[in-house]
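The values are calculated or read from the model by the stated rules, or taken from the named source; none is laboratory data. Keep in mind it's a predicted model, so treat the numbers as computed, not measured. Cβ placement follows ideal geometry from the backbone for every residue including glycine, while neighbour counts extend to all protein chains displayed. All accessible areas refer to the heavy atoms of the entire protein, side chains included, with ligands and DNA or RNA removed. Shrake-Rupley method; radii C 1.70, N 1.55, O 1.52, S 1.80 Å.
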Amino acid sequence: WNNQEWGVDEVLSQLMQAGDIRPCIVVGIDNTSLRYEEYYPSEICDDVPEGVLPEGFRPLGDEYLKFVVEEVKPWVDSLYSTWGDPEHTFVMGSSCGGLISSYALCRYPEVFGGAACLSTHSSLENPYVKTCQKPAAEAYLQYLQENLPADDEHVLYMDCGDCPIDSAYTEHQAAINEMAASLGWKSGNYMYRFFEGHSHSEEDWRSRLDIPVRFLLGMK
């Protein structure tokens, strides 16, 4: 949307050619003009205090994930020689894409074996209303605590930089890290990385893309 990209094809091709990750395909799914709405976790909306979200706001996260799980994935599996089980199916995104990816892992643990969430929009900052964001972030944290699948069956990668906009996530991400540890998620299943000097940009996500990809798809 802003004429920038992650270089996913170049990064993954290099990793596969080097034998660092398992052979894989990537399915890129475009977002609509309602990006914030369709990446907003629907089940969290009811727990967000009044005034944080705009009047009439309708989260489309459940509809989006239903589209991915019931339409996109079966279509891909019918066209390509895929292993369709959760052990070989992962979801990844940045910012609000990281938010919906973590939600996907909770909503469909029988479909996704892992998620990579870069610069996760953990504050749930609303672009229309610029106040009262902490309660929204707390609702997201509570949802993850209650719905993350068993750590020995799934993997979760999260990261964050310290330059705008990422600097707004550090407090919330620290709380997520503590929560994951309290649930028993260990280093083999949960990875968090902090990147000093990294901003909320495709350039920085590209520079570290190999790390979450190796975590999800590394040779076993």
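Here are the numbers for the structure shown:
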{"quantity": "Residues of the range 111-143 classified as at pLDDT below 85 and open to solvent by 20 Å² or more (accessible area, probe 1.4 Å), total", "calculated": "10"}
{"quantity": "Search result, residues across the range 155-164 that are farther than 17 Å from MET191 by Cβ and either modelled with pLDDT of 90 or more or surrounded by 17 or more Cβ atoms within 10 Å (Cβ to Cβ) (or both)", "calculated": "ASP162, CYS163"}
{"quantity": "Selection count where residues are of a type in the set (Asp, Glu), surrounded by 13 or more Cβ atoms within 10 Å (Cβ to Cβ) and modelled with pLDDT of 95 or more, scope the range 1-35", "calculated": "1"}
{"quantity": "Any chance ASP152 is acidic (Asp, Glu) and touching a residue at least 60 places away in the same chain (Cβ under 8 Å)", "calculated": "no"}
{"quantity": "Subset tally (residues that are surrounded by 11 or more Cβ atoms within 10 Å (Cβ to Cβ) and more than 27 Å from PHE215 (Cβ to Cβ)) for the range 37-53", "calculated": "9"}
{"quantity": "Helices (runs of 4 or more DSSP H) contained entirely in the range 77-196, each with at least 3 residues that are within 20 Å of LYS66 (Cα to Cα)", "calculated": "96-107, 134-147"}
